[in-house]
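*Asks:* One structure coming up, written as structure tokens, with questions to follow.
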Amino acid sequence: MALVNIHFLNLQNNYLFADIAKKVNAFKVMHPKADIISLGIGDVTQPLCPAVIEAMHRASDEMASVQGFHGYGPEQGYDFLRKAILKNDFLPRGVHLDVDEIFINDGAKSDTGNFQELLHWDNFIGVTDPIYPVYIDSNVMIGRCGTFEDGRWSRVVYMPCNAENNFVPEIPKGRHMDVIYLCYPNNPTGTVITKDELRKWVNYALKNDALILYDAAYQAYIQDDDIPHSIYEIRGARKCAIEFRSYSKTAGFTGIRCGYTVVPKDVSVADFEGERFPLNQLWLRRQCTKFNGTSYISQRAAEAIYTPEGKQQVKATIDYYMQNAHLMLKTLRSLGYEVYGGEHAPYIWMKTPGNTGSWKFFEELLYGANVVCTPGVGFGPSGEGYVRFTAFGTHEQTEEALRRIEYWTKQTF
Ligand SMILES: *Cc1c(COP(=O)(O)O)cnc(C)c1O
């Protein structure tokens, strides 16, 4: 008899974006003519830049000849891309890494979900709350999170981030954590972390022999040089942290699929006897067994982001989205809303007026202004009473959505 992995049955059924789609569809059935603008899902809208497109054309042409054909590549990625990463993403920020510490992947979602496979099932995990749902769900699948009650898993430490603490999570006293997920710039709140704050986490991890899984998928949106782009800008992080990067939001690769994970050789985990095991070797072993590499064409596309033209074109698209973010911040503030994020990230995190529940506000905005947002509570219990807007729309959509929100707000409140 084939038995089910019972941990999968513990997953909370509702996938946030499926729930949103259901509610939007219900609205459409009743209002078939309504023109809905979505500032909900975190997908990008602008096309790939010319440097990337040209690199992909060249790579496909190479594949057409016997000499240029590329079959299976190295599981950990081609050296041309790994070297470009070291030279462009880390060296300019004073971070020295080795080529063997970079693992190219098909996007950060898979690796943020898969990495926990290397860790014993009864590690206690800590997450900032609200968070990207993949971190918790992938741990639930392996049975690490305990039971679900009142919106919380029993074996997960939640560190609230809200307006009261200015979205700076506190390290909880008296609650032990073995593995900590941090995401900066943050999805969903759009907030960032200072070097001093990040240093506290690195020091905690070093002192308590904990592991930090650091998701830097949005680092390209940081506008201020003093804000850390990588956790390895903090001394000691190469002993306790793994970092995930993605080209999805950086360069519109959501449909191309390429990113990378940094696993420094100095990070190790222990067994019960105290023997240490470097995660770099374990991850290499895991990838060689379960992953056959990212496509050659995608890796050539990613390499093109680091050319002078590529850099400039990618920055132009990021500036485009950040113009949306600035307009959203300005307009929503002028209407009296409390808004956060949006300065170094493509997300605006908004407090609902009068403590309205996230889902209730979502529906009011949908029915009143025909604009879709994402209910904050879908990202964790501390997201209740907030909603997320993305700056990934076109200028036209964003301006129109803001006009509608303005009209609706003035009529309603
Ligand atoms: C979008 C996103 C990712 C990247 O996903 P890909 O699989 O690389 O497309 C990773 N982490 C967070 C927090 C994200 O929002």
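*Asks:* Roughly speaking, what is the stretch gain from Leu284 to Thr45, that is 0.36 nm per residue apart minus the C-alpha to C-alpha distance, in nm to one decimal?
*Replies:* Result: 82.6 nm gained on full extension.
*Asks:* Another question, then. What whole-number volume per residue, in cubic angstrom, does the convex hull of the C-alpha atoms of the stretch 201-323 give?
*Replies:* In the stretch 201-323, the Cα convex hull volume per residue is 128 Å³.
*Asks:* While we're here: Which FRET efficiency value, to the nearest 0.05, do you get for Thr307 and Gln67 by plugging their Cβ-Cβ distance into 1/(1 + (r/R0)^6) with R0 = 30 Å?
*Replies:* Result of the calculation: an efficiency of 0.80.
*Asks:* Expressed in nm to one decimal, what extension gain is obtained for the pair Ile36 and Ala21 from 0.36 nm per residue of sequence separation less their Cα-Cα distance?
*Replies:* Once the chain is fully extended between Ile36 and Ala21, it gains 4.2 nm.
*Asks:* Here's another thing I want to ask about it. Would you mind ranking Arg155, Arg388 so that the residue whose beta carbon has the fewest other beta carbons within 10 Å leads the list?
*Replies:* Lowest to highest Cβ neighbour count: Arg155, Arg388.
*Asks:* Further, regarding this structure: For the chain, count the residues as N, evaluate 2.2 N^0.38 Å, and divide the Cα radius of gyration by that value, please.
*Replies:* Taking N as the residue count of the chain, the ratio is 1.00.
*Asks:* Which order do Asp266, Asp89 fall in if you start with the one that has the fewest other Cβ atoms within 10 Å?
*Replies:* Ordered by Cβ neighbours within 10 Å, fewest first: Asp266, Asp89.
*Asks:* For the stretch 19-134, what is Rg from Cα atoms divided by 2.2 N^0.38 Å, rounded to two decimals?
*Replies:* 1.59
*Asks:* Moving on. Among Asn324, Thr294, Met30, which residue has its Cα positioned farthest towards the positive end of the charge dipole of the chain, with +1 placed on the Cβ of Lys and Arg, -1 on the Cβ of Asp and Glu, and the dipole taken about the Cα centre?
*Replies:* My answer, from the dipole projection, is Met30.
*Asks:* If you only keep lysine pairs separated by 8 or more in sequence, or across chains, how many in the stretch 205-343 come under 30 Å at the Cα atoms?
*Replies:* Close lysine pairs found across the stretch 205-343: 14.
*Asks:* Using only the Cα atoms of the stretch 1-87, construct the convex hull and provide its projected area averaged over every direction, in square nanometres to one decimal.
*Replies:* Averaged projected area of the stretch 1-87's Cα convex hull equals 13.3 nm².
*Asks:* Once you charge only the Cβ atoms, +1 for Lys and Arg and -1 for Asp and Glu, what is the size of the charge dipole of the stretch 295-413 about its Cα centre, to the nearest 20 debye?
*Replies:* With Lys and Arg at +1 and Asp and Glu at -1, about 120 debye.
*Asks:* What order, most packed first, do the peptides 140-150, 74-84 have when packing is the mean number of other Cβ atoms within 10 Å of each residue?
*Replies:* Order by mean packing, descending: 74-84, 140-150.
*Asks:* While we're on this one: Can you find, among Asn139, Thr356, Tyr158, the residue sitting farthest towards the positive end of the charge dipole of the chain, where Lys and Arg contribute +1 and Asp and Glu -1 at Cβ?
*Replies:* With unit charges placed on the Cβ atoms, the residue in question is Thr356.
*Asks:* Moving on to the next point. Using the Cα centre of the chain as the reference point, and only Cβ charges (+1 on K/R, -1 on D/E), how large is the resulting charge dipole? Debye, rounded to the nearest 20.
*Replies:* Around 320 debye, computed over the chain.
*Asks:* Compute the separation of the alpha-carbon centres of the stretch 296-310 and the stretch 6-26 and state it in Å as a whole number.
*Replies:* 36 Å
*Asks:* How large is ³J(HN,Hα), in whole Hz, for each residue of the stretch 30-43 in order, when computed from phi with the Karplus curve 6.51 cos²θ - 1.76 cosθ + 1.60 and θ = phi - 60°, using x for Gly and Pro?
*Replies:* Once rounded to whole Hz, the list reads 7, 10, x, 8, 5, 9, 8, 10, 9, 10, x, 4, x, 9.
*Asks:* Quote the charge dipole size of the stretch 217-258 about the Cα centre in Debye, to the nearest 20; the model charges only the Cβ of Lys and Arg (+1) and of Asp and Glu (-1).
*Replies:* Once rounded to the nearest 20, the dipole reads 320 debye.
*Asks:* If amide H atoms are built 1.01 Å from N in the plane of the peptide, which residues on other chains or at least 5 residues away come under 5 Å of the amide H of Thr191?
*Replies:* Asn186
*Asks:* Can you give the alpha-carbon Rg of the stretch 89-176 over 2.2 N^0.38 Å, where N counts its residues?
*Replies:* Output field value: 1.32.
*Asks:* Let me ask another. In whole Hz, what ³J(HN,Hα) sequence does the stretch 395-409 give by Karplus (6.51, -1.76, 1.60; θ = phi - 60°), x for Gly and Pro?
*Replies:* Once rounded to whole Hz, the list reads 4, 4, 4, 5, 5, 5, 4, 5, 4, 5, 4, 4, 4, 5, 4.
*Asks:* In whole Hz and in residue order, list the ³J(HN,Hα) couplings for the stretch 160-172 that follow from phi through the Karplus curve 6.51 cos²θ - 1.76 cosθ + 1.60, θ = phi - 60°; x for Gly and Pro.
*Replies:* 3J(HN,Hα) across the stretch 160-172, in whole Hz: x, 10, 8, 4, 4, 9, 6, 6, 9, x, 9, 6, x.
*Asks:* Taking a cut-off of 18 Å between Cα atoms, list the aspartates and glutamates near Lys200, but don't count ones fewer than 8 places away on the same chain.
*Replies:* Asp129, Glu170, Asp178, Asp209, Asp215, Asp226, Glu233, Glu243
*Asks:* Compute the distribution of all C-alpha to C-alpha distances in the stretch 333-400, in bins of 10 Å from 0, and list the percent of pairs in each, rounded to whole numbers.
*Replies:* 21, 56, 23, 0
*Asks:* Whole Å is fine, so just give me how far the alpha carbon centre of the stretch 47-74 lies from that of the stretch 320-361.
*Replies:* 40 Å
Bear in mind these aren't lab numbers, they're just calculated from the coordinates by the rules spelled out. Remember, it's a predicted structure, so these values are computed and weren't measured experimentally. All Cβ positions, even for glycine, are placed from backbone atoms using ideal geometry, and neighbour counts span all protein chains on display.
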